[in-house]
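*Asks:* Just passing along the structure, written as structure tokens.
The values are calculated or read from the model by the stated rules, or taken from the named source; none is laboratory data. The model shown is predicted, which means the values in this text are computed figures rather than measured ones. Cβ atoms come from the backbone with ideal geometry, glycine included; neighbour counts cover every protein chain shown.
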Amino acid sequence: MRARLALVVLVALLAAACGGDDDADDVAGNAEGTDEATDDAGGGDDGTEDESAGDGAAGDGPGVGDHWHAAYGIYICDDFVDPLLDESDPEGIHTHGDGVIHIHPFEESAAGENATLGKFFEAMQIELDDGGLFSDAGSLEAGIDCPDGPAEVRVARWTLSTLNQPPTIIDSGLADIRFTEDLEIYTLAFAPTGAEIPPPPSIGSLGSLSDVDPSELPDLPPGFTVARVDPPGAGEAIEGETPCPAEDGSSPRTTEFSGPPPMCIDPEASYTATFVTNRGDVVVELDAENAPETVNNFVVLARYHYYDDTALFRTAPSIDIIQGGAPHSNDGADIGPGYTIDDEGDGYSYQAGDLAMARTAQPDSASAQFFFSAGPNTANLDGPPGNPDGSGRGTYVVFGRTVEGLDVLEEIIGLHVPDPALAGGGPGEPVIVERVVIEES
């Protein structure tokens, strides 16, 4: 785990630079969007030491009007922290919270030899020097206590052609490190001597940028790009009123309906849903007492095998959610079952293990997609009754609580890879819901 001191200081440090969590208020279903974050990344090596900064390539740097990109990450002890967010840059070197430095100089002061790593942090209102990161809000310095010893400050640098080789390690003149070619890769590491420094998870985001040709990128190892899973596709369709499915699971797989189902469950009974996934089982007690219509809708869809062989396609560590339930496309834009259901209240608060319906910011827009809360950050979605600001916070109906398998959810969100094209990102390895088993008692 990253050092507690580092976390506390870094949160204060980044407060001056971060523009807030712009994904905390949108967990859309059938018209999705949201998120940002990072997580575990592998590979890398200590590489070769380079005492001089910025002279590792012969390029002249970006000119005014150029549009370059560099993947970057801040690595503390043994983990990456969430990317910075600040889009109010007057000179043209900034980031959108995607783990990518966008380098398109507006002025000569940010072009050529002036396009440096220090200039980027300056735009974040943070000073980078050989001792660490400093701002009016606090500092993150060399010497912090990591589990394997005190941290040193170094920058690891790769280019696309050297990504599968040990990085160049730079330990002095860090602020003067120049951007010398498009699509470079940087890790600013606070780690003990001898520790391996991995490339940042945001490498996978480079291929999602509108002005980057994905064919220019090398084949990345697993964990650096979101795993693409082919959807199971359409099942049978029901026209007219939906009959209640067989409780023994013998009903045919059905994915298209003419309208919401009738009440098929007994609101006085107790129900559990076991999500059988390729990462392990997650058992949820469904809350038919407080959300009977939502539970009924989910149970009917599960018994019609709507969720069989679908992906948990989205992860969002900044709000600790794992989203799924999209058999037609395995993404947030899935067309859904053909109807929406009414909300059952608002003003919800969220905690680890909750199972809730995904929806847009519009009332009564949930249908089939769901999300798990995998940690405390889902509290960012809490909201007061009535949704007074129209943000959607507090409107995602909680209809179940995980009683077994929270460790599975934590493992899944640990697979997160950022990708702005996918509402922030998803697992770097396939996560498949093989089936959902409903039990009544």
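*Asks:* Restricting attention to segment 56-87, which residues are closer than 29 Å to A142 by Cβ and at pLDDT below 90?
*Replies:* Answer for segment 56-87, where residues must be closer than 29 Å to A142 by Cβ and at pLDDT below 90: G56, A57, D78, D79, F80, V81, D82, P83, L84, L85, D86.
*Asks:* Write out, first by first residue and then by second, each pair whose Cβ atoms fall under 9 Å of each other, whose residues are 6+ apart or on separate chains, and whose first residue, in segment 63-76, is under 13 Å from G92 (Cα atoms) and in contact (Cβ under 8 Å) with a residue 60 or more places away in the chain while the second is in a loop (DSSP other than H, G, I, E, B) and of a type in the set (V, I, T).
*Replies:* Pairs that qualify, where the first residue is under 13 Å from G92 (Cα atoms) and in contact (Cβ under 8 Å) with a residue 60 or more places away in the chain and the partner is in a loop (DSSP other than H, G, I, E, B) and of a type in the set (V, I, T), are H69/V212.
*Asks:* So for segment 425-438 (the condition being touching a Phe, Trp or Tyr at 6+ places or on another chain (Cβ under 8 Å), at negative phi, among the small types (G, A, S) and modelled with pLDDT under 90), does at least one residue qualify?
*Replies:* Checking segment 425-438: at least one residue is touching a Phe, Trp or Tyr at 6+ places or on another chain (Cβ under 8 Å), at negative phi, among the small types (G, A, S) and modelled with pLDDT under 90.
*Asks:* Which residue out of D281, D287 is in contact with a Ser or Thr (Cβ under 6 Å, 6 or more places away or on another chain), acidic (D, E) and within 22 Å of G353 (Cα to Cα)?
*Replies:* D281
*Asks:* Name every residue in segment 329-346 that is among the β-branched types (V, I, T) and either part of a loop (DSSP other than H, G, I, E, B) or touching a His at 6+ places or on another chain (Cβ under 7 Å) (or both), in order of residue number.
*Replies:* Matches in segment 329-346: I335, T340.
*Asks:* Moving on. Would you mind listing the strands (runs of 3 or more DSSP E) fully within segment 230-311 where at least 3 residues are touching an Asp or Glu at 6+ places or on another chain (Cβ under 6 Å) and under 22 Å from I322 (Cβ atoms)?
*Replies:* Those strands (runs of 3 or more DSSP E) span 271-277.
*Asks:* So Y186 clears everything in (1) in a strand (DSSP E or B); (2) modelled with pLDDT under 95 except one condition, right? Which one?
*Replies:* (2)
*Asks:* Tell me whether segment 412-427 contains one or more residues that are within 18 Å of A291 (Cα to Cα) and in contact with an Asp or Glu (Cβ under 7 Å, 6 or more places away or on another chain).
*Replies:* Checking segment 412-427: not a single residue is within 18 Å of A291 (Cα to Cα) and in contact with an Asp or Glu (Cβ under 7 Å, 6 or more places away or on another chain).
*Asks:* Here is a further query. Name every residue in segment 349-406 that is of a type in the set (D, E) and in contact (Cβ under 8 Å) with a residue 40 or more places away in the chain, in order of residue number.
*Replies:* Matches in segment 349-406: D354, E404.
*Asks:* Moving to a separate point now. Out of the residues in segment 359-388 that are polar (S, T, N, Q) and part of a loop (DSSP other than H, G, I, E, B), state the one that is surrounded by the fewest Cβ atoms within 10 Å (Cβ to Cβ).
*Replies:* Once the filter is applied, the top-ranked residue is Q362.
*Asks:* If you don't mind, another one. Suppose the filter is charged (D, E, K, R) and either at pLDDT 90 or above or under 16 Å from the mean Cα position of the chain (by Cα) (or both); does D389 pass it?
*Replies:* When the stated conditions are applied, D389 does not pass them.
*Asks:* Give me the residue from segment 157-171 that is of a type in the set (A, V, I, L, M, F, W, C) and in a strand (DSSP E or B) and, out of that set, surrounded by the fewest Cβ atoms within 10 Å (Cβ to Cβ).
*Replies:* Ranking the qualifying residues of segment 157-171, first place goes to I169.
*Asks:* What number of residues in segment 319-331 are more than 19 Å from N278 (Cβ to Cβ) and crowded, with 24+ Cβ neighbours inside 10 Å?
*Replies:* Matching residues across segment 319-331 total 3.
*Asks:* Filtering segment 409-424 down to residues that are modelled with pLDDT under 90, out of contact with any Pro (no Cβ under 7 Å at 6 or more places or on another chain) and not small (G, A, S), which residue is nearest to P327 (Cα to Cα)?
*Replies:* My answer is L422.
*Asks:* Which pairs have Cβ atoms under 6 Å, sit 6 or more apart or on different chains, and link a residue in segment 155-168 that is within 23 Å of G118 (Cβ to Cβ) and touching a residue at least 12 places away in the same chain (Cβ under 8 Å) to one that is in a helix (DSSP H, G or I) and not basic (K, R)?
*Replies:* From segment 155-168, the pairs are V155/L174.
*Asks:* Filter segment 345-363 down to the residues that are modelled with pLDDT of 95 or more and in contact with a strand residue (DSSP E or B) (Cβ under 8 Å, 6 or more places away or on another chain) and list them by number.
*Replies:* Y348, Y350, Q351, A352, G353, D354, L355, A356, M357, A358
*Asks:* Collect the residues in segment 254-292 that are surrounded by 15 or more Cβ atoms within 10 Å (Cβ to Cβ), charged (D, E, K, R) and more than 29 Å from the chain's Cα centre (by Cα), keeping them in residue-number order.
*Replies:* Selection gives E256 alone.
*Asks:* G143 - would you say it is modelled with pLDDT of 85 or more, touching a helix residue (DSSP H, G or I) at 6+ places or on another chain (Cβ under 8 Å) and either part of a helix (DSSP H, G or I) or on the phi > 0 side of the Ramachandran plot (or both)?
*Replies:* No, not satisfied.
*Asks:* Okay, next question. Assess whether S349 counts as being over 30 Å from G259 (Cβ atoms) and in a loop (DSSP other than H, G, I, E, B).
*Replies:* yes
*Asks:* Kindly indicate which of V436, V417 is hydrophobic (A, V, I, L, M, F, W, C) and either within 13 Å of the chain's Cα centre (by Cα) or part of a loop (DSSP other than H, G, I, E, B) (or both).
*Replies:* Checking each option against the conditions leaves just V417.
*Asks:* Moving to a separate point now. For segment 338-358, which positions are buried (at least 19 other Cβ atoms within 10 Å of the Cβ) and small (G, A, S)?
*Replies:* Selection gives G353, A356, A358.
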